[in-house]
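The next block holds one structure in the form of structure tokens; read it before the comments.
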Amino acid sequence: MHNLPNSASIKFDFYQLHKSFGLSILALTTLRLVWRLTHKTPPLPAAMPAWQKAAARGTHWAFYALLFVTPLVGWAIVSVSPKDIPTFWFGLFSVPHLPFFDGVIDRSAVEDVFEEGHEFLAFAILGLLALHVGAALKHGFINRDGVLRSMAPKFGALIGMLVIFGGLGVAVSHYLTAAPSATAQTAPVEPALIIEAEPEPVVLTEAPENVVGAEISPTEPSPAQIETTLAAPEKLMRWSVDYDASWLRFIGEENGRTFEGGFSDFSAEILFDPDRLSESKIRVKVQTATASTGDALRDATIPGKEWFDTKQYPSATFVSTDIRALGGNAYEANGALTIKDVSHNIVLPFTLNIEGEQAIATGTVDLLRTDFGLGVAESWLGDEGIALNVRVEFDIKAAREP
Ligand code: HEM
């Protein structure tokens with residue numbers, strides 16, 4: 001699981017199954033601990049030396065402790081990890097991250113410590129298992145003192161095991177048939193949407209200096225300005241968008257495969273007159289939480305802190321600063337794109353066809369996601385995983401307001 005390349009789609013499923021089994025162990029161990037604390041265990045043979053009794057009891061309690069702490073530390077890994085990958089219990093429901101790590105600054109360092117601990121504890125379970133099985137066999141075949149027989153599950157316990165293993169079997173088969181990553185792998189990709197191997201460079205009129213938390217430059221509008229930008233000059237054409245016939249989508253690449261997604265909620269204010277371009281203005285506001293790509297696992301990751309961080313930054317905006325005609329029906333809008341409070345001036349080329357009172361604007365722009373603080377943790381920056389280039393496409397149908 002750990003050593004598989006990120007490009008292996010099965011890696012994701014292995015991790016999800018690992019976490020699902022581990023969390024099941026945590027739940028079952030918790031039940032078992034409650035049971036153990038409220039019930040008596042069979043007595044150990046009277047002839048057994050005191051040190052062996054102590055060793056046997058010590059092993060049992062060490063088992064309980066390890067089976068409780070190991071999955072808890074595993075859960076801590078995924079909760080503190082800057083990758084912020086969600087956990088779905090056998091694809092049936094999402095398990096929240098543990099809430100204790102909000103204030104952690106160096107998440108990668110803490111993740112590393114938990115990973116080391118998790119591995120150590122897991123191998124300690126194996127060591128203990130060897131000791132436990134060895135001792136049980138010695139009691140059964142050398143001492144022949146009835147201890148092994150007393151360990152054998154009774155009828156009720158056998159039924160319980162059958163129910164638990166049967167239930168886990170059903171859960172695994174549900175995951176395998178409904179595995180969202182598997183579905184995504186087989187989803188057909190429209191050839192027209194495939195991003196070329198060498199994407200065109202992003203047109204940034206500013207150097208993307210410090211990517212995360214970059215300051216909004218003085219030339220860019222402040223949020224207060226954004227709110228007031230679109231006061232219409234005298235009789236400038238105002239267009240109202242037909243959202244049912246318009247779309248805003250993004251196209252990216254994961255593990256070498258193209259995926260596409262869209263925003264179901266965005267609003268655009270358009271003051272546009274081909275003859276009064278210097279006064280024309282466009283403002284778009286996108287509700288980042290409405291991004292979806294049709295892949296449940298990916299979609300559950302997108303709102304997380306590493307990506308859109310939708311709780312902190314529910315919207316992204318584009319506000320034009322000037323619009324130029326390029327000849328024919330081609331235009332370009334310069335303006336500030338703000339995602340997660342990081343603003344950059346971008347150039348948005350688009351074509352515009354106006355027929356009577358109706359207009360259709362279509363455009364495409366390539367962005368470097370890291371310029372806007374999207375997926376900047378080291379784990380998202382490798383050659384594998386999510387490509388840095390994300391293509392944004394829009395198709396806006398609007399009607400001229402009277
Ligand atoms: C008794 C239960 C568990 C056992 C015995 C166990 C065992 C292991 C083992 C042996 C590894 C491989 C370590 C390595 O070679 O790097 C591992 C990795 C991992 N486990 Fe668990 N695990 C358990 C529960 C969980 C749970 C409940 C979660 C999360 C909800 C979890 C999350 C992880 C993660 C994220 C890794 C990968 C760490 C890395 O990439 O280095 N585990 N686990």
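None of the figures in this text is laboratory data; all of them are computed from the coordinates on show. Remember, predicted model here, so these are calculated numbers, not experimental data. We place every Cβ from the backbone using ideal geometry, glycine too, and count neighbours over all the protein chains shown.
Ordered by the number of other Cβ atoms lying within 10 Å of each residue's own Cβ, fewest first, 114, 14 fall into the sequence 14, 114.
Each of 313, 175 was scored by other Cβ atoms within 10 Å of its Cβ. Arranged with the fewest first, they read 313, 175. Relative to one another, the C-alpha centroids of the stretch 251-275 and the stretch 33-73 are positioned 59 Å apart. Applying 0.36 nm per residue to the separation of residue 3 and residue 41 and subtracting their alpha-carbon distance, the gain on full extension is 9.5 nm.
Of the residues 39, 168, 64, the one whose Cα sits farthest toward the positive end of the charge dipole of the stretch 9-186, with +1 on the Cβ of Lys and Arg and -1 on the Cβ of Asp and Glu, is 39. The loop-placed trypsin sites (Lys or Arg not before Pro) in the stretch 15-65, going by DSSP, that have at most 11 neighbouring Cβ atoms within 10 Å of their Cβ come out as 40. Reducing the stretch 10-24 and the stretch 327-342 to their Cα centroids gives an inter-centroid distance of 42 Å. At a Förster radius of 22 Å, what calculated FRET efficiency corresponds to the Cβ-Cβ distance of residue 98 and residue 162, to the nearest 0.05? Calculated transfer efficiency: 0.10. A crude spin-label estimate for the pair residue 354 and residue 178, with each label 7 Å from Cα along the Cβ direction, gives 5.1 nm.
Potential lengthening of the chain between residue 55 and residue 401 amounts to 116.2 nm, from the contour at 0.36 nm per residue minus the alpha-carbon distance.
Among the listed pairs 11/311; 281/397; 11/340; 340/397, those with a Cα-Cα distance over 21 Å are 11/311; 11/340; 340/397. For the stretch 268-357, the set of GluC sites (Glu not before Pro) satisfying both a DSSP loop assignment and a count of at most 12 other C-beta atoms within 10 Å is given as 357. For the peptides 342-354, 78-90, the ranking by mean Cβ contacts within 10 Å, running from highest to lowest, is 78-90, 342-354.
Were the residues from residue 292 through residue 115 laid out at 0.36 nm apart, the gain over their Cα-Cα distance would be 60.6 nm.
If you plug the beta carbon distance of residue 379 and residue 279 into 1/(1 + (r/R0)^6) with R0 = 35 Å, you get a FRET efficiency near 0.15. Between residue 62 and residue 236, the FRET efficiency from the beta-carbon distance, with R0 = 56 Å, is close to 0.15.
Shape summary: the stretch 54-179 maps onto an equivalent ellipsoid whose semi-axes, from the alpha-carbon gyration tensor, are 35, 23, 11 Å in decreasing order. Here 237, 48 are placed in order of increasing Cβ neighbour count within 10 Å, fewest first, which gives 48, 237.
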